[in-house]
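J.: Please read through the structure below; I'll follow up with questions.
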């Protein structure tokens, strides 16, 4: 019974289909060997080949991976803890990191930063910083600094890099209003900002698959009701709705609860897109031959869905998720920026940008805008990754 | 066509009712209300008369159950066009909103025109010259535009304008023109300030419209009818303008539906940064201060406008493409 039905396969179409998929091995495309490889390859293998051809998507996935690694190891990567402040260095400008030191013996590798000479401008009542080339603060790799617990579990006090003397000022990306190191804070923000996208997507995925699946599988009245709800939610302008809900979060909530509150609010809208995707997949697949065959064979409903239908649209869902994450990140950033999202002491990119809200602070300290760089990088790379996944999700199409 | 419009209009009614319920729920969500704040101020020795408190409580039934409050609010709007009183500003909500809605609308409309003027030709260009240098260039710009949060762009533009052009940034008017009646000089002054918000609000929309236009047109360009027309010796320009662009325009029109609400809601964040005298910042402030009738009216109004915007674009689409009416 298991022999392939060769006579049913039109050899011509087979060849023409394989011709589009160039297997990336050294063998010349179209050669018999590689053709066979394509025919033998499973669905996921074909997707991977197709995905690999998408250059931007490959770059995007590398950057995304890198950013999530940063998010994982923030305590180790950040030279200073996020809350450490130094009133002497408010709005200190970024220092350049010098890698090589010129001495009488010649040039050698010894990273250092110059110190600051601080004078107080009596008129503007603010500190004026000048780079003081007479002071050198050496910077080392894997230095001992403030103790921390990595991911809240592993205690250590080693930091990837930092000043050798703990008290030395090192502000590679400048300092903020309270003299806190921007670099460390941006690194700390990575964890919150990137995870809020993930958590939010998981929440909306749950709702989206459940409701979209119900809607697509049963059709009829259930479908009608759920579709109306989705249309309604999409009809409301999102930002006012978010703002209304976010403003309703009590000010005395602990940070963690605010975090989940915000994620919940974001996924309240986010699930509708996923639900639509799932529904259309279900609808188009319900009448596919293999699903009908499975049903006629007597598989239960759950088995039909989980064993046959879900695997065939899983790749589309993954692509949709990837494209939903950057939306969440941008939304969180906007809310926090307005001051109704996450609030200090929680550090996210949006919270950091909240400091740069008016032109006066931006004019005195343009480096306050720097948290925007990782936002753009993260959103871009996730978008590229999602685009590549979406194209690869259907390896048989063009 | 008429029945289609009528049916859509009837369907709109329950949606608006639900929206009014949601708006009301949202303004009721935070614990306490503005009166609690006011009472606290009273205890702290501020000048709020007991009579005023009493009057407000009485008028809005703030001591009554929720459905009574909702009914008073809604019946005021429907029967008398009275959106309630802003506690913080101590003025009718209607006046406050009217003051700003004109400028909001003007800004949205000019942004829409800007977006279309840019996205339309570029969309055609990149589709016709697929994989050319232009295509890559605009794809790149488009992605950056999509990935940059609006307020980021606003801050950067403000910084550039402030630093390198020495222009007074933020707001829609120079300080001399803020409180004077409309005149030509004031209009000119406004135009000088308008470009930053328009660019900021329009960039991400332009980016996504270019992508949509490109994708749609690419779908059409390889269809047999294009080849046929070309084989018959039609000039490339008139061929493009006459057939594929018209078909590709179809989904383009449907985006008006989401361009309009996005312009309304997206402008909140930008307007706060740029300090624009439009509805967004007022709404944010109202939400933060629990100025419930002002905030609620805003949400209600914006949502209704969104629904109307969607309806308008649907009607436009149905008028352009009769197939849509019957699906």
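J.: What spacing in nm lies between the two simple spin-label points modelled at residue A:251 and residue B:99, each 7 Å away from Cα in the Cβ direction?
T.: Modelled inter-label distance: 2.4 nm.
J.: Kindly list the residues of segment A:167-206 that lie in the label zone of residue A:98, defined by a backbone N under 19 Å from the point 7 Å along the Cα-to-C-beta vector.
T.: Once the point is set 7 Å along Cα→Cβ of residue A:98, A:168-174 turn out to lie under 19 Å by backbone N, inside segment A:167-206.
J.: Also, quick follow-up: Report the full-extension gain for the segment residue A:292 to residue A:73: residue separation times 0.36 nm, less the Cα-Cα distance, to one decimal in nm. Display every interim value, and only then the final one.
T.: Numbers: separation 219, 0.36 × 219 = 78.84 nm, distance 4.86 nm.
Gain on extension, residue A:292 to residue A:73, equals 74.0 nm.
J.: What's the long-distance tail for chain A, i.e. % of Cα pairs beyond 40 Å?
T.: Counting every Cα pair in chain A, those more than 40 Å apart make up 35 percent.
J.: Place a point 7 Å from Cα of residue B:219 in the direction of its Cβ. Which residues in segment A:254-286 have their backbone N less than 11 Å from it?
T.: none
J.: Comparing A:360, A:102, A:276, which has the greatest mean-square fluctuation in the GNM of chain A with Cα pairs linked when under 10 Å apart?
T.: Per the Cα network of chain A with a 10 Å cutoff, A:102 tops the list.
J.: From Cα pairs below 8 angstrom and at least 6 apart in sequence, can you work out the relative contact order of segment A:88-179, rounded to a whole percent?
T.: Worked out over segment A:88-179, it gives 34 percent.
J.: Remind me, relative contact order of chain A in percent, using alpha carbon pairs under 8 angstrom and six or more residues apart? Could you put the intermediate results ahead of the total?
T.: Values: 604 pairs, mean separation 78.6, N = 398.
Answer for chain A is 20 percent.
J.: Please report the equivalent ellipsoid semi-axes of segment B:93-320, computed as sqrt(5 x eigenvalue) of the Cα gyration tensor, largest first, in whole Å.
T.: Equivalent ellipsoid of segment B:93-320: 37, 21, 15 Å, largest first.
J.: Moving on. Evaluate the distance, in nm, between pseudo-label points positioned 7 Å from the Cα of residue B:238 and of residue B:2 along their respective Cα→Cβ axes.
T.: 3.9 nm
J.: Taking 0.36 nm per residue of separation and subtracting the Cα-Cα distance, what length does fully extending residue A:178 through residue A:229 add?
T.: Stretched out fully, the residue A:178 to residue A:229 stretch lengthens by 13.7 nm.
J.: Between residue B:156 and residue A:166, what FRET efficiency comes out of the Förster formula 1/(1 + (r/R0)^6) with R0 = 45 Å and r the beta carbon distance, rounded to 0.05?
T.: Numbers: r = 35 Å, r/R0 = 0.79.
Efficiency at R0 = 45 Å is approximately 0.80.
J.: Can you tell me the FRET efficiency between residue A:88 and residue A:299 if r is taken as the Cβ-Cβ distance and R0 is 56 Å, rounded to the nearest 0.05?
T.: Efficiency, rounded to the nearest 0.05: 0.20.
J.: Working out 0.36 nm times the residue gap between residue A:264 and residue A:158, then minus their Cα-Cα distance, what length gain in nm do you get to one decimal?
T.: Once the chain is fully extended between residue A:264 and residue A:158, it gains 34.6 nm.
J.: Another one. What nm distance separates the two modelled labels at residue A:284 and residue B:80, each placed 7 Å from Cα along Cα→Cβ?
T.: 5.5 nm
J.: Partner chain Cβ atoms within 10 Å, averaged over the residues of A:334-341 - can you pull that number for me?
T.: Rounded to a whole number, the mean comes out at 4.
J.: I'd like the mean, over residues of B:149-157, of how many other protein chain beta carbons sit within 10 Å of each residue's own Cβ.
T.: Mean number of neighbouring Cβ atoms from other chains: 6.
J.: A further question follows. If you look at just the Cα atoms of segment A:186-392, how large are its Rg and its Dmax in Å?
T.: Rg and Dmax of segment A:186-392, Cα atoms, are 19.9, 72 Å.
J.: How many partner chain Cβ atoms sit within 10 Å of a residue's Cβ in peptide B:302-308, on average, as a whole number?
T.: For this peptide, the per-residue mean of nearby foreign Cβ atoms is 3.
J.: Let me ask another. Could you give me D for segment A:88-179, from Stokes-Einstein at 20 °C and 1.002 mPa s, where the hydrodynamic radius is the Kirkwood radius over C-alpha pairs? Units µm² s⁻¹, please.
T.: 144 µm²/s
J.: Compute for segment A:311-398: radius of gyration divided by Kirkwood radius, i.e. Rg/Rh, restricted to C-alpha atoms, rounded to two decimals.
T.: 1.17
J.: Report the semi-axes of the equivalent ellipsoid for segment A:168-231 in whole Å, largest first, where each axis is √(5λ) for an eigenvalue λ of the Cα gyration tensor.
T.: Equivalent-ellipsoid dimensions as semi-axes: 48, 10, 6 Å.
J.: Could you tell me the relative contact order of segment B:93-320? Use alpha-carbon pairs under 8 Å, at least six residues apart, and round to a whole percent.
T.: 29 percent
J.: Report the calculated FRET efficiency for residue A:133 and residue A:55 (r = Cβ-Cβ distance, R0 = 30 Å), to the nearest 0.05.
T.: FRET efficiency, residue A:133 to residue A:55: 0.10.
J.: Using only Cα atoms and rounding to the nearest 10 degrees, what angle (0 to 90) does helix A:372-392 make with the longest principal axis of chain A?
T.: 10 degrees
Bear in mind these aren't lab numbers, they're just calculated from the coordinates by the rules spelled out. Note that the coordinates shown come from a computational prediction; the quantities given were computed from them, not determined experimentally. Cβ atoms come from the backbone with ideal geometry, glycine included; neighbour counts cover every protein chain shown.
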